[in-house]
Amino acid sequence: MLLRYSLNNSWRFFQRTGQSFRGSSVRKMLIPTSCIIYLTQQHRRRYSLLNETVEPSPYGDTFEMGLYLTSQRELQQNIEEARQRKLKKSHNILSYCSRKIWYIIKDELLEPIFTLLRFLELSVIFIPVLMVYPISFFGRHHRSNNDEFASETAGSLLWYKILRKALEIGGPSFIKLGQWAGSRTDIFSKGLCQELGQLHSNGKAHSLQYTKDKICESLGDEFKFDDIFEEFRETPLGVGAIAQVYVGKLSDEFLKRKQIKSQIGDNGKRWCAVKVIHPHASKKVNRDLRIMSFFANTIDMIPTMVWLSLPSEVENFSILMRLQLDLRIECLNLGRFNENFKGSLQVKFPKGFPDFSSRDVLFEEYIHGFSMEQFLRAKDDLKNVELCQSVSGPFIDSFLKMLILDDFVHADLHPGNVMIRFVKTNRYDTKITSTEEETFKIVDSLNKKFKNNDPTFIDELREDLTDFEPQICFIDAGLITELNKKNRTNFIALFNALARFDGYRAGELMIERSKTPETAIDKEMFAFKVEKLVNKVKKRTFTLGTVSIGDLLDQMLSMVRSHHVRMEGDFVSVVVAILLLEGIGRQLDPDLDLFASSLPILREFGMQREATSLLNDTSTFSMLKVWIGLELRSLMSSSVRSIFELIKSDQLCPNY
């Protein structure tokens, strides 16, 4: 069938040349040649479409939004071009009309029917959940941790669990929706966000044959699967809501033919991670997004729900989902992170391989590390704060660099996406002297002993932290947070007000620069609450206590929700990233102070900016004011601490 199709198309390709050949011998020679030329042109065109690097659109206000706009435009163009090619292949007017009618039926009739069936399926799942919502009004009240303004009933906590189970049954889109909602403490209650934070993307694995076909297709069907990999682990490393990940070792022959061996790993390492999108994931997600949009618009008609701006939030969520459906974007994110941290020995991101990757398949360097999640479980047994700080230090510094210097922040910094490796450096800390094989053996030994509850695990971990430098590795960079100029200015202004302990001004800024300032209620009371909260932090600063900026921002988001102050999604994403960061950091270092930790990064920020930038860039000038304010705060805090130590040791008024 394929041969007949190729020959037919090659004959039409040959006929389009306009040449007339009557000799049978000439025709027999040229038809196979035309067949080869046609197939070669088709292969090259298809491969270039699959592996075309996406470029950010100039209409996007950030790098990520530019990539999103380009990706969506390309997707629509590819669908339209594929249809046009099929229409051109029509043999007659009847074939052309039948194909045209089929496309109309598919778009206008079949797709709405499938969406309706999906709607009925979701109704069966979620209507019972809504029917039992009244139980949330019953039961004893439980006050949320670190939140003096809200409490939850026992019934509401039970209902949150039922909702979480329903979201897991709802499928990938609703699992992602629940995870996203769990990060929006500015909209939803603290108890609900905590429950939704336990959602896991335990998707159903697709077949191995589908994976093999997709990988070969990503490479233009130029190679057989067995020619691409020397080794391939058939059990997925992880299965998520949208994609699943495998690990394989690229064959030397494959790399020689592609002539890009120098780009693969370090020291000739050829292991890579391969992420493959689930079949029909895009169609399923788009149907779910249409249903979500319908309900968001319906709820938005209720006057008391206007402040939530649900249609806008669903649109933001749609962008997040569609970004994850184009793996070329993740590949470019990895490239930018590697550029930002070029030369860093303590921070590592996997390298993406755009020459192999496509919209549905991502090839990236495989990082074999010890999970931060496992390290957090083992930290108490170490009983050594300094060793824990050797891990938390580069982790905190890398995040602050992303936030302050680069404005390009990994948006999914839960412990499972952070790995630890162990490397040796030279005496000047300018070069890694250990090999990949040494690092692999150390990590592999730790993973095995941790899994088997080996009693020698803690001793070995302590020894590795003492003899080697921890290297923090970030994986799964599909989602990033990047503030546009407006949001960055707002964030710096708020950070500046908090650093100066001007709580009332911070409250005013949060209302003035929210999405819908007119929907906020009790604006003055909100500003007074923020002032009261900041004053508590101020007292701790001058009584030798450490400042928890995470607690501060967490409580602020609770007040934002109760006063209907609508914050920008990217702005909240940064705040949530700070909460996650400090949550991990304080588990490793209970005395962590993010204000103090940000000082070295702010100093670097100040030194890197030219004088012209200071005069022309308002956000730069504002960030420098934050720097100066924190320097003064650090100096005053040090002075208070020094005086305290002098009095404590009786050195201020010594007895003669």
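The values are calculated or read from the model by the stated rules, or taken from the named source; none is laboratory data. Note that this is a predicted model, so its numbers are computed, not measured. Here Cβ is always computed from backbone atoms with ideal geometry, including for glycine, and neighbour counts include all displayed protein chains.
Below, the figures for the structure above:
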item: One residue from 89, 161 being loosely packed, with under 15 Cβ neighbours inside 10 Å, of a type in the set (D, E, K, R) and within 30 Å of residue 556 (Cβ to Cβ); result: 161
item: Residue among 536, 515, 486 that is within 25 Å of the chain's Cα centre (by Cα) and assigned to a helix (DSSP H, G or I); result: 486
item: Qualifying positions in region 489-512 - aromatic (Phe, Trp, Tyr) and not in a loop (DSSP other than H, G, I, E, B); result: 491, 495, 504
item: Residue count for region 317-364, restricted to those that are surrounded by fewer than 22 Cβ atoms within 10 Å (Cβ to Cβ), charged (D, E, K, R) and not in a helix (DSSP H, G or I); result: 3
item: Single residue of 464, 476, 444 found to be more than 21 Å from residue 383 (Cα to Cα) and touching a strand residue (DSSP E or B) at 6+ places or on another chain (Cβ under 9 Å); result: 476
item: Enumeration of residues in region 318-345 that are of a type in the set (A, V, I, L, M, F, W, C) and either free of Cβ contacts under 8 Å to residues at least 24 places away in the same chain or under 20 Å from residue 73 (Cβ atoms) (or both); result: 319, 320, 321, 323, 325, 327, 329, 331, 332
item: Residue that is nearest to residue 171 (Cα to Cα), among those in region 185-223 that are at pLDDT 90 or above and among the basic types (Lys, Arg); result: 214
item: Filtered residues of region 208-229 (kept if among the charged types (D, E, K, R), touching a helix residue (DSSP H, G or I) at 6+ places or on another chain (Cβ under 9 Å) and touching a residue at least 12 places away in the same chain (Cβ under 8 Å)); result: 212, 217, 221, 222, 227
item: Tally of residues being among the basic types (Lys, Arg) and in a loop (DSSP other than H, G, I, E, B) across region 88-141; result: 2
item: Scope region 29-70; condition modelled with pLDDT of 90 or more and among the polar types (S, T, N, Q); matching residues; result: 70
